[in-house]
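**Q** Input: one structure, supplied below.
The values are calculated or read from the model by the stated rules, or taken from the named source; none is laboratory data. Every value quoted in this text rests on a predicted model; they were computed, and no experiment measured them. Positions of Cβ are backbone-derived with ideal geometry, glycine not excepted, and every protein chain shown enters the neighbour counts.
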């Protein structure tokens, strides 16, 4: 069975990186740990909140690798505690989020077992470029010599 892609349209040129990003997201681990929320704070701001109870700041790391936000957690067992029952798992995790072009991490903090990561998209000014249309011999010369400046 072949996969239907939204980006196969001849009107969407140069969007193959979006298709690759969607493939990465669909192949991401389906493990639901740790649970998270994504909030829209404004038109250009988002907040990701992960439930990381039991993790200290030194157990967590946040990196941006290419266009992926990667949050990792690893608890170190000190070996001094003796558990009669261990119901709270001290497991490591890695949670990845694919970021759109231009999204930046503006800050992160840990509060009451919740890790908050704020993201912003800087305002992008629209660009309009007029392309000159040439006729006859001038157009043939530009094509043969490359673009003229």
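**Q** I'd like to know if region 75-91 contains one or more residues that are in a loop (DSSP other than H, G, I, E, B), under 29 Å from residue 19 (Cα atoms) and at pLDDT 85 or above.
**A** no
**Q** Just one of (1) surrounded by 11 or more Cβ atoms within 10 Å (Cβ to Cβ); (2) over 17 Å from residue 96 (Cβ atoms) trips up residue 79, so point out which.
**A** Every listed condition holds for residue 79 apart from (1).
**Q** Moving to a separate point now. Only residues that are surrounded by 15 or more Cβ atoms within 10 Å (Cβ to Cβ) and not in a strand (DSSP E or B): list them for region 61-74, please.
**A** 67
**Q** So is residue 111 at pLDDT 85 or above, farther than 22 Å from residue 122 by Cα and either out of contact with any strand residue (DSSP E or B) (no Cβ under 9 Å at 6 or more places or on another chain) or surrounded by fewer than 11 Cβ atoms within 10 Å (Cβ to Cβ) (or both) or not? Reasoning before the result, please.
**A** Values: at pLDDT 85 or above: yes; farther than 22 Å from residue 122 by Cα: yes; either out of contact with any strand residue (DSSP E or B) (no Cβ under 9 Å at 6 or more places or on another chain) or surrounded by fewer than 11 Cβ atoms within 10 Å (Cβ to Cβ) (or both): yes.
Yes: the conditions hold for residue 111.
**Q** From 105, 117, grab the single residue that is out of contact with any helix residue (DSSP H, G or I) (no Cβ under 7 Å at 6 or more places or on another chain), modelled with pLDDT of 90 or more, closer than 24 Å to residue 19 by Cα and assigned to a strand (DSSP E or B).
**A** Only one candidate qualifies: 105.
**Q** So which of 98, 52 ends up being in contact with a helix residue (DSSP H, G or I) (Cβ under 6 Å, 6 or more places away or on another chain) and closer than 26 Å to residue 121 by Cβ?
**A** Selected residue: 98, the only one of 98, 52 that is in contact with a helix residue (DSSP H, G or I) (Cβ under 6 Å, 6 or more places away or on another chain) and closer than 26 Å to residue 121 by Cβ.
**Q** Can you pull out every residue in region 39-60 that is assigned to a strand (DSSP E or B) and touching a residue at least 12 places away in the same chain (Cβ under 8 Å)?
**A** 41, 45, 46, 47, 48, 49, 50, 51, 60
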